[in-house]
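Notes follow once the structure below has been shown.
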Amino acid sequence: MVTYPATTETISLAQEANSSEAISILYQVLEDPSSSPEAIRIKEQAITNLCDRLTEEKRGEDLRKLLTKLRPFFSLIPKAKTAKIVRGIIDAVAKIPGTTDLQITLCKEMVEWTRAEKRTFLRQRVEARLAALLMENKEYVEALALLSTLVKEVRRLDDKLLLVDIDLLESKLHFSLRNLPKAKAALTAARTAANAIYVPPAQQGTIDLQSGILHAEEKDYKTGYSYFFEAFESFNALGDPRAVFSLKYMLLCKIMVSQADDVAGIISSKAGLQYVGPDLDAMKAVADAHSKRSLKLFENALHDYKAQLEDDPIVHRHLSSLYDTLLEQNLCRLIEPFSRVEIAHIAELIGLPLDHVEKKLSQMILDKKFAGTLDQGAGCLIIFEDPKADAIYSATLDTIANMEKVVDSLYVRSAKIMS
């Protein structure tokens, strides 16, 4: 059997060989017992090439085994290089689709190893990555427990760059749990840490994106639009795929503030044309439906672009609110001329299923959007005249308030006389 030592010629041979042969050669290079500086340099190169080959072959489990196999080698190289290799292999596994569970297992194994080896710097970064994976896997309780411990430890060490990452992650986690006050507090902490250091543009874009999401959640769409625009500019300059999501949320904000006519202009701009695709087509269809106040077109858009609208939790939440508003406006306009009308007739006019319309009308009556009742026996909606407010109640409250002022004034005067 041919053996391949850790030399530059062996690396060149592996690059020219086909995939399976190259992987075999590179594994043999790593098994070379030599620990000279040149051999270590060659082995580092072999690890990089092997990672690329295994990623191309989508062999995630082999990458996990490689990381375990390299542990003795890590004792020969500086800790910074070890951290770079470990994070590179974890990133390589992440490029293979459907490996979330494998990544979680890999991170947990590395956390145990780094704790045993007392490699604090690397452990903290692997734990941050593990928390992000747990959040992606919707294991929120475990992710939150991990982050709570980690954030205290990192604050003590005052590692600002890692602290920005952790606070951002914590903000996203609390937002997923619908805890907006804590999500905002974590984001403020991330901004405070970011102001003290140089933050890479991608990280700044992530902070702006999260800020926009939180402002949009509070219905402050104008401020949200500004943050999404800042995030879009950062991601667009870097060629980051998140640019399209920032642009999508910008369009969403325009629709939510009833400026749907601006959507076509933004999409046809120089920056927008680079990202033309299903995501922008979906938002354009929603904007058209909103401009025409058409529920039918709105439902068609939701059906045709399900992956872009309903499967995106942020867009879906806001569009659900927009759909309800549109439906209520249309129903109020349709029932306005009637004092009694068949529910089936309203359903026919609005073009929606009877049970859906009936459920919405009952909800609107309970929310006091209009005065009326449902006669389910006859299948009719009975609309009452708006009850006139009795002025006597407000007048009585005003009289009582004025009497209270008089009594307070008399009390003050009597107190002065007595003194």
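The values are calculated or read from the model by the stated rules, or taken from the named source; none is laboratory data. Nothing here was measured: the structure is a model prediction, and the numbers come from that model. Here the Cβ is made from the backbone with ideal geometry for all residues, glycine too, and neighbour counts use every protein chain on show. Remember, those area values only see protein heavy atoms, side chains included, never the ligands or the DNA or RNA. Shrake-Rupley method; radii C 1.70, N 1.55, O 1.52, S 1.80 Å.
At a probe size of 1.4 Å, how large is the accessible area of His318, to the nearest 10 Å²?
10
Which whole-number percentage describes the relative contact order of the chain, with Cα contacts under 8 Å and a sequence gap of 6 or more?
5
What label, among (1) 1.43; (2) 1.06; (3) 1.24, belongs to Cα Rg over 2.2 N^0.38 Å computed from the structure on display?
Computed from these coordinates, Cα Rg over 2.2 N^0.38 Å corresponds to label (1).
At 1.4 Å probe size, with the rest of the protein present, what percent of the exposed accessible area of the chain is carbon and sulfur atoms?
Using a 1.4 Å probe with all protein chains present, the chain comes out at 55 percent carbon and sulfur.
For a quick check of understanding: with a 1.4 angstrom probe and all protein chains in place, what accessible area in square angstrom does Thr399 have, to the nearest ten?
Thr399 has an accessible surface of roughly 80 Å² with all protein chains in place.
Which of the lysines could a cross-linker bridge to Lys172, judged by Cα under 25 Å and excluding same-chain residues fewer than eight apart?
Filter leaves Lys95, Lys108, Lys138, Lys152, Lys160, Lys182, Lys184, Lys219, Lys222, Lys248, Lys254, Lys306.
Lys/Arg Cβ at +1, Asp/Glu Cβ at -1, dipole of the chain taken about the Cα centre: which of Ala14, Gln274, Tyr411 is farthest positive-ward?
Final value for the positive-end residue is Tyr411.
For the stretch 136-148, in order, what is each residue's ³J(HN,Hα) by Karplus, 6.51 cos²θ - 1.76 cosθ + 1.60 with θ = phi - 60°, in whole Hz (x at glycine and Pro)?
Residue by residue, the stretch 136-148 yields 4, 8, 6, 9, 5, 4, 5, 5, 5, 4, 5, 5, 4 Hz.
Positive end of the charge dipole of the chain (Lys, Arg +1 and Asp, Glu -1 on Cβ, about the Cα centre): tell me which of Ser291, Ile42, Leu106 has its Cα farthest that way.
The Cα lying farthest towards the positive end belongs to Ile42.
Amide H of Gly372 versus every other amide H placed in the peptide plane: which residues, excluding those fewer than 5 positions away on the same chain, fall under 5 Å?
Phe384
Sorted from largest down, what three extents in whole angstroms do the Cα atoms of the stretch 273-419 have along their principal axes?
Cα spread of the stretch 273-419 along its principal axes, largest to smallest: 82, 51, 22 Å.
Kindly report, to the nearest 10 Å², the accessible surface of Val412 as traced by a 1.4 Å probe over protein heavy atoms only.
Val412 exposes around 80 Å² with every protein chain in place.
At 1.4 Å probe size, put Arg333, Arg123 in order of accessible surface, largest to smallest.
Correct descending sequence by accessible area is Arg333, Arg123.
What number comes out for accessible area per residue over the chain if the probe is 1.4 Å? Units Å², please.
Heavy-atom accessible area per residue stands at 55 Å².
Which shape class applies to the stretch 1-97: rounded if a/c is under 1.5, otherwise prolate when a/b exceeds b/c and oblate if not, where a ≥ b ≥ c are the square roots of the Cα gyration tensor eigenvalues?
The shape class here is oblate.
With an 8 Å cut-off on Cα pairs and a minimum separation of 6 or more residues, tell me the relative contact order of the stretch 257-384 in percent.
RCO, the stretch 257-384: 16 percent.
Would you pull out the residues with amide H under 5 Å of Cys380's amide H, same chain only if 5 or more places away, H placed 1.01 Å from N?
Correct list: Ile343, Asp375.
Can you compute the charge dipole magnitude of the chain about its Cα centre, using +1 on each Lys and Arg Cβ and -1 on each Asp and Glu Cβ, nothing else charged? Give it in debye, rounded to the nearest 20.
1440
Defining a contact as two alpha carbons under 8 Å apart and six or more residues distant in sequence, what relative contact order in percent does the stretch 1-97 show?
Worked out over the stretch 1-97, it gives 25 percent.
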